[in-house]
1. Just want the answer: with Cβ charges of +1 for Lys and Arg and -1 for Asp and Glu, which residue in 272, 253, 162 is farthest toward the dipole's positive end in the stretch 129-304?
2. Scaled to the compact-protein estimate 2.2 N^0.38 Å, what is the alpha-carbon radius of gyration of the stretch 250-326, rounded to two decimal places?
3. Scan the stretch 75-115 for trypsin sites (Lys or Arg not before Pro) in coil per DSSP, keeping those whose Cβ has at most 16 other Cβ atoms within 10 Å, and list them by number.
4. Grab the DSSP H runs of the chain that are 4 residues or longer, score each as -39,500 (n - 2.57), total them, divide by all residues and round the 222 nm result to the nearest 500 deg cm²/dmol.
5. In square nanometres, what is one fourth of the surface area of the convex hull spanned by the alpha carbons of the stretch 129-304?
6. Can you give the convex hull volume per residue for the Cα atoms of the stretch 1-156, as a whole number of Å³?
7. Taking the square root of 5 times each eigenvalue of the Cα gyration tensor, what semi-axes in Å does the equivalent ellipsoid of the chain have, largest first?
8. Considering just Cα atoms, how many Å³ per residue does the convex hull of the stretch 223-268 enclose?
Amino acid sequence: MLKVGVVGASGLVGRNIISILEEKKFPIKELKLFASSKSKGKEIYFNNDIIYIEELNETFLETDFDLVFFAAGSNISEKYIPELMKRGVISIDNSSFFRMREDVGLVVPEVNPEDLNINKTLIANPNCSTIQSVVALKPLYDKYGIRRIIYSTYQAVSGSGQKGLNDLDTGRSDFYPFQIKGNVIPHIDSFLDNGYSKEEMKMINETKKILHDDDLKITATTVRVPVRVGHSISINVELKSDFDLDDIRETLSQFNGIVVVDDVKNNKYPMPIHAEGRDEVFIGRIRRDYSTENALNLWVVADNVRKGAATNAIQIAEELLKKGAI
Ligand SMILES: NC(=O)c1ccc[n+]([C@@H]2O[C@H](COP(=O)([O-])OP(=O)(O)OC[C@H]3O[C@@H](n4cnc5c(N)ncnc54)[C@H](OP(=O)(O)O)[C@@H]3O)[C@@H](O)[C@H]2O)c1
């Protein structure tokens, strides 16, 4: 039984981590919860107990944790994770701060569990849109090879945490640069000099790192839509060899964590309303792209707070447990 911490326990991802730890009966002997001073003393129910959120400060480092989940943004991860690493405590980080460091594994357990060995004390959880995309692409990568990927995303406001949900509910633009209610905003995270947003570059760079292929040609357009939970991604993928569509459907549906929902004659295709609260990645609208050779279109939907963050983090912890690494 483990001594576990959750940093960012009052946030959207943190709250989901706590409830999924309970759902999955993760072996915990003590759970300690942390957030900013604003949330100090807030009650959280866990396994029929009340746990009070503590303010995160240096004293947090005095607890002899086995494992800490970080879901409080990059600044907090940057400050505290190196200190825990020195103490031999394992951190699983939802922020983007350490993701691209060569000495840190960026892991989706169904896709690249071998990268859990890169660093014994820190594992990074990928970007939410990247996670559901690489789950969809991995079986195709292994069977056919991939030459080029075009991502176009339709991302829910919960991807921005509580502030995104608030903007959708109020119709104001307190967090986003424009109102999101009744609107679509082609702007996620800040813009870079190359004209891409950071979110777009995260999808491009993280996909290459997770699939271990720097030669992949990838482009991305990431867009915020007025949906509460569930990111949808149109993926156009050019494979290295020809394929049969039935074989694609079979290959995808056999892969751990994928559910194929693809029956357009009966209006069956994945949507956020079906993915919310689920841990699988749903794939539909599977069809040939006739404009070029060996190309395919996929429509990929998942719960961004669960599989895109909290569930994936806990699956990483479960893999570490199986390996005896915790
Ligand atoms: N939402 C998603 O779909 C998603 C997906 C993948 C990754 N992530 C990443 O997960 C992390 C959390 O995101 P979220 O969506 O859960 O955001 P959120 O709802 O805004 O929650 C942020 C959490 O961080 C805490 N926090 C902020 N400043 C702090 C400080 N100075 N000291 C201690 N705690 C502090 C907040 O505590 P208070 O409530 O006390 O302010 C809250 O618990 C971010 O790194 C985000 O990029 C989110």
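1. 162
2. 1.35
3. 87, 101
4. Calculated mean residue ellipticity at 222 nm is -8500 deg cm²/dmol.
5. 10.6 nm²
6. 138 Å³
7. Those come to 33, 23, 19 Å.
8. So the per-residue hull volume is 135 Å³.
The numbers here are math on the coordinates, done by the rules we state, and not lab data. Bear in mind that the values here come from a model prediction, so they are computed numbers and not experimental data. Note that we place each Cβ from the backbone using ideal geometry, even for glycine, and neighbour counts take in every protein chain shown.
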